[in-house]
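Undergrad: Below is one structure. I have some questions about it.
The values are calculated or read from the model by the stated rules, or taken from the named source; none is laboratory data. Just so we're clear, the structure is a prediction, and the values are computed from it rather than from any experiment. Because the Cβ atoms are built from the backbone with ideal geometry, glycine has one as well, and the counts that use them run over all protein chains shown.
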There are 2 protein chains.
Amino acid sequence: MITLSDYIEDYLKKLLAVAPGQYVEIQRSELAEKFQCVPSQINYVLSTRFTPERGYLVQSRRGGRGYIKVMRIDPLYQKIWEELQKQLYSAAEKEYGCEMVKLRDFLMRLYEERLISRREAEIIGSVMREDIFNGLKIGSKEKNELIKRLVSNMLKAVLQEGSM
Amino acid sequence: MITLSDYIEDYLKKLLAVAPGQYVEIQRSELAEKFQCVPSQINYVLSTRFTPERGYLVQSRRGGRGYIKVMRIDPLYQKIWEELQKQLYSAAEKEYGCEMVKLRDFLMRLYEERLISRREAEIIGSVMREDIFNGLKIGSKEKNELIKRLVSNMLKAVLQEGSM
DNA sequence: ACTGGTTTGACCTTTACTGACCTTCGTAAT
DNA sequence: ATTACGAAGGTCAGTAAAGGTCAAACCAGT
C-alpha cells in the first residue's frame, strides 16, 4: 500500500537525485497543488521522512518569496559512531528512552550511505522493535539499556569489520 | 471439523498460488469482512498457520493505508529455520537454556555454507553473549526467551531478504 | 470433566491526513 | 521611513484509518 506521503517523498528524492548540488528548493503550496493535498501535508512528509536521522536537513523562509530547501547531509563517516551514541543516550535520559522509530531511521540512513548492506540493516533492525519484549516481565529501564547495548554491539561489530 | 480459520488459511494459500511473486498483500479488515469475523481472527490465522515453520513470513504496517503482507520462504531457508528452532528450544528446557556455544556453532555453519556473510555473522554473534545482560535485573527465564527472540528475529530478517 | 484449538471483543499503538489559526517577511502605498 | 497588505510557510490538535495484543469465553473431541 502506497500512501500519498510516499509519493511525495519519492518525488522529492528524485528531485534531489538529479539536482546539481546537494539540495532542492520548492514552494510548499505549489507542491501541495501538484499532489492535490493541503499544504500542511508537505510539512508532514518533511518532518517524518526528511529528518536528520535519515540524513536530511530542511530550511525554509516564510513570507513573500518564501521557499523550502531540502538538503542531504554529508556522509560524515567518522561521526557515525558518535551520532549513534547521541541517538541512544539523548532521549534516553528522559527516562522514556531511545525511540525505536528514530533508531530505525538512523539505520536506514547507514544503509543509504552504503555503510551497511540491506540485509545487515534488516538484521540489526529486527532487534529494534518493542514487541521483542511482549509478555516478558522486564522493567522499562532494563529494556532500554538492553536495546542500547545490542545496537551498540552490533554496530561496533560492523564498524570493526570494515568495508562490506 | 473444518473451522473458519481453515477456510481463511485456504483462501490465503490460493491467493498465494496465483500471485505473481512470492507474496500477497491484504487488508486485515477487508478480509475479516469477507469472512464475517472479527479482525483479530486474521491475526490468529496468520500466527498459527503462516509461521516460518510452515514456510511463511508476515510483515505489516499500521495506520492509514496499512496492510499485511504474507510471503513464502525458500525451502532451503526454511530448513535452516527449523534447525535454529531446534537449537533454541531443545537444550532450552534444561532451565539454563540455549547454550551460546551451540548457537555460535550454528552461526559459523551458516557462514561456512555461505548463507550469511562474515559481517553478518559478526553482527548476529554480537548478540549471542551472556554479558549483554550484565548488571541488569532480568530473570533468567526472561533472558532466555529474549535471546531466542532476538536470534530468531535476526534470522527471520535474513530469510526475508533472500540470498546475499 | 478436561484439554486444546478457536473465536471474540475491549483496548492500544501507529500512521496518515486535515484545517483552523499563527508567524514571518517582501513590497507597494503613503 | 512607516505602514499595511498579501503571500508565503509553521504549528498543533484533532480525526480517521489501519493493524496489534491479550485474556476471556467458547466449543469439540476425548
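Undergrad: Going through A:Gln41, A:Gln59, A:Gln27, A:Gln36 one at a time, which residue ends up being outside the structural domain of A:Lys86 (by TED's automatic domain parsing) and under 29 Å from A:Lys79 (Cβ atoms)?
TA: Selected residue: A:Gln59, the only one of A:Gln41, A:Gln59, A:Gln27, A:Gln36 that is outside the structural domain of A:Lys86 (by TED's automatic domain parsing) and under 29 Å from A:Lys79 (Cβ atoms).
Undergrad: In the set B:Val151, B:Val70, which member is under 23 Å from B:Val45 (Cα atoms) and surrounded by 20 or more Cβ atoms within 10 Å (Cβ to Cβ)?
TA: The match here is B:Val70.
Undergrad: Could you say whether any residue in the stretch B:75-82 is within 14 Å of chain A (Cβ to nearest Cβ), surrounded by 15 or more Cβ atoms within 10 Å (Cβ to Cβ) and within 16 Å of DNA strand C (Cβ to nearest atom)?
TA: no
Undergrad: Identify all residues within the stretch B:150-164 that are under 19 Å from A:Ser152 (Cβ atoms) and at the interface with chain A (Cβ under 9 Å from one of its Cβ atoms); write none if there are none.
TA: B:Leu150, B:Asn153, B:Met154, B:Ala157
Undergrad: If you don't mind, another one. Anything in the stretch B:1-18 that is among the hydrophobic types (A, V, I, L, M, F, W, C) and not in a helix (DSSP H, G or I)? List them, or say none.
TA: B:Met1, B:Ile2
Undergrad: Could you list, ordered by first residue, the pairs with Cβ atoms under 9 Å in which the first is in the stretch A:27-39 and away from every other protein chain (no Cβ under 14 Å) and the second is aromatic (Phe, Trp, Tyr) and near DNA strand D (Cβ under 10 Å from one of its atoms), at least 6 apart or interchain?
TA: Sorted first by the residue in the stretch A:27-39, then by its partner, the pairs are A:Gln27/A:Tyr67; A:Arg28/A:Tyr67.
Undergrad: Among the residues of the stretch A:50-72 satisfying the criterion of being within 11 Å of A:Leu12 (Cβ to Cβ) and either within 8 Å of DNA strand D (Cβ to nearest atom) or within 14 Å of another protein chain (Cβ to nearest Cβ) (or both), which is farthest from the chain's Cα centre (by Cα)?
TA: Here the residue is A:Ile68.
Undergrad: Can you pull out the residues in the stretch B:16-26 that are away from DNA strand D (no atom under 13 Å from the Cβ) and either of a type in the set (Asp, Glu) or without any contact (Cβ under 8 Å) to a residue 12 or more places away in the chain (or both)?
TA: Scanning the stretch B:16-26 gives B:Ala17, B:Val18, B:Ala19, B:Pro20, B:Gly21.
Undergrad: If A:Asp131 passes every condition in (1) surrounded by 14 or more Cβ atoms within 10 Å (Cβ to Cβ); (2) at pLDDT 80 or above but one, which one does it miss?
TA: (1)
Undergrad: Something else about it: Just checking, does the stretch B:92-100 include any residue being under 21 Å from A:Ser117 (Cβ atoms) and more than 8 Å from chain A (Cβ to nearest Cβ)?
TA: no
Undergrad: Take the residues of the stretch B:32-67 that are exposed (fewer than 15 other Cβ atoms within 10 Å of the Cβ) and charged (D, E, K, R): which is nearest to B:Leu110 (Cα to Cα)?
TA: Restricting to residues being exposed (fewer than 15 other Cβ atoms within 10 Å of the Cβ) and charged (D, E, K, R), the top hit is B:Glu53.
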